[in-house]
Amino acid sequence: MNIDKINDEFIVDCTNNSKEERQQVYKFLVDNRDYGIHYLTNDYPIIACNKRSGQTDWVTLIQYYNWFNAKKDIPVYTFEQFKEMYLNENKMYSIKDLEKRKNGKCWVVQINTENEHKFLKSYFPEMTYYKSVLNGYIVDMTNCGISEFCNYDGGDYNKITINQIKEWNMENKKIIGYKLIKDTVENKAGVLYLKESNYVCRNGNYHSLEPKYVENNSDWFSPVYKEEYKVGDWVFGEILGTSLYNYEKNPVKILEIGGGYFRYDLGSVYSTSFSKGEISSRCELKQITKKATSDEIKQAQKTIVTMHSSNKGEFEIEVVDGKAWYRKEDKELPKEWIKDVINTFGEQGGINYPYKIEVESVKVGCMKGTRKEDWENVYKLLK
């Protein structure tokens with residue numbers, strides 16, 4: 001059976017499945033079709049997987065079939081069947097350093113299905129076209145300076161399979177230049193020569209920045225690679241789908257990464273619009289402009305403490321880099337002041353008091369009935 005993640009229409013009956021399992025179906029739709037990220041929070045037992053979003057959530061199959069526009073000819077799968085057919089694929093990895101190509105040979109990929117063909121084309125988008133293949137092989141001519149598919153002619157190629165590409169956890173290390181290790185007449189150690197410079201001047205002599213020259217002078221130059229990214233990295237980007245992060249406004253934490261794309265935590269920095277751990281839609285890796293520094297990460301990381309009040313309901317205090325803020329009024333709450341608030345609670349008075357005084361709640365500003373344990377939770381986070 002041929003699987004088409006984009007166009008196949010079917011129903012997944014998750015009546016007896018957990019919320020987490022149901023959300024795997026929604027994630028599949030968000031990843032592969034025009035479903036918005038708000039679907040990731042849905043929890044319906046019957047999920048109609050349509051080509052386009054809409055009329056997806058149902059309580060029962062009968063409810064769906066009673067709908068005037070129901071598609072009664074599409075298959076109904078259990079979650080287990082859906083998972084086996086659409087989710088149980090090897091994780092895709094990018095290629096870091098094809099050892100099979102280190103001798104300058106091309107590599108060829110054996111493909112057996114149309115899906116493997118689509119995988120190869122989507123995973124290597126720089127390969128802009130391909131031709132008919134012979135004996136199930138596709139050839140990458142990247143060593144020629146450009147990436148394209150051409151016919152396999154039985155030459156001396158390195159042969160790999162789709163599964164090998166998926167299993168090798170490799171990233172394509174691209175050299176962007178060479179750094180000077182020692183002082184020269186012209187420059188101090190540490191100077192970066194971009195690869196596009198074509199030549200380097202060392203002690204009065206000009207040399208071409210060819211790999212062979214650099215290799216033969218490894219005591220003078222070390223390669224500088226294009227920055228690589230992984231899950232857990234904090235990065236800045238150009239266009240990331242929301243004004244909160246566009247144009248390097250705030251860094252984001254990468255939650256998922258694949259061939260040419262990544263997803264990030266929409267709650268990387270505090271916002272009332274997103275929750276921590278809410279996953280973004282796909283963004284192209286080329287939109288990343290730089291990694292965030294440790295200071296920038298600390299600034300982005302913050303903790304929200306939910307506070308109780310008897311008259312205003314719940315309110316929030318934000319702790320950033322060891323300091324507490326009431327963001328609604330953009331007011332910092334000093335550590336010593338919070339300590340004084342905490343000390344207001346509890347037993348009050350002296351030995352001559354006729355009755356014990358127990359303060360169980362305190363009015364702070366306009367917030368009545370605040371609780372000691374909430375203020376203590378804030379205080380624990382402060383520096």
Within the stretch 340-372, tally of residues that are surrounded by 11 or more Cβ atoms within 10 Å (Cβ to Cβ) and within 16 Å of residue 307 (Cβ to Cβ): 15
Pair list, Cβ < 9 Å and 6+ apart or interchain, from the stretch 341-358 residues that are assigned by TED's automatic domain parsing to the domain that holds residue 374 to residues that are outside any strand (DSSP E or B) and acidic (Asp, Glu): 342/376; 345/360; 346/360
Test: residue in the stretch 286-309 that is free of Cβ contacts under 8 Å to residues at least 24 places away in the same chain, surrounded by 14 or more Cβ atoms within 10 Å (Cβ to Cβ), part of a strand (DSSP E or B) and outside the structural domain of residue 30 (by TED's automatic domain parsing): no
Residues of the stretch 305-330 classified as more than 16 Å from residue 375 (Cα to Cα) and modelled with pLDDT of 90 or more, total: 1
Given (1) in contact with a strand residue (DSSP E or B) (Cβ under 8 Å, 6 or more places away or on another chain); (2) surrounded by 11 or more Cβ atoms within 10 Å (Cβ to Cβ); (3) on the phi < 0 side of the Ramachandran plot; (4) modelled with pLDDT of 80 or more, number of the condition residue 244 does not satisfy: (1)
Selection status of residue 43, in a helix (DSSP H, G or I) and farther than 23 Å from residue 69 by Cβ: no
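Please verify whether the stretch 269-277 includes one or more residues that are within 28 Å of residue 42 (Cα to Cα), in contact with a Cys (Cβ under 8 Å, 6 or more places away or on another chain) and surrounded by 14 or more Cβ atoms within 10 Å (Cβ to Cβ).
Checking the stretch 269-277: not a single residue is within 28 Å of residue 42 (Cα to Cα), in contact with a Cys (Cβ under 8 Å, 6 or more places away or on another chain) and surrounded by 14 or more Cβ atoms within 10 Å (Cβ to Cβ).
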Selected residue (only one of 37, 47 is at pLDDT below 90, among the β-branched types (Val, Ile, Thr) and surrounded by 11 or more Cβ atoms within 10 Å (Cβ to Cβ)): 37
Residue check, residue 61 surrounded by fewer than 19 Cβ atoms within 10 Å (Cβ to Cβ), in contact with a strand residue (DSSP E or B) (Cβ under 7 Å, 6 or more places away or on another chain) and either in contact (Cβ under 8 Å) with a residue 60 or more places away in the chain or of a type outside the set (Lys, Arg) (or both): yes
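The values are calculated or read from the model by the stated rules, or taken from the named source; none is laboratory data. Worth saying up front: this structure is predicted, and the values here are computed from it rather than measured. Neighbour counts are summed over all protein chains in view; Cβ atoms, including those assigned to glycine, are modelled from backbone coordinates with ideal geometry.
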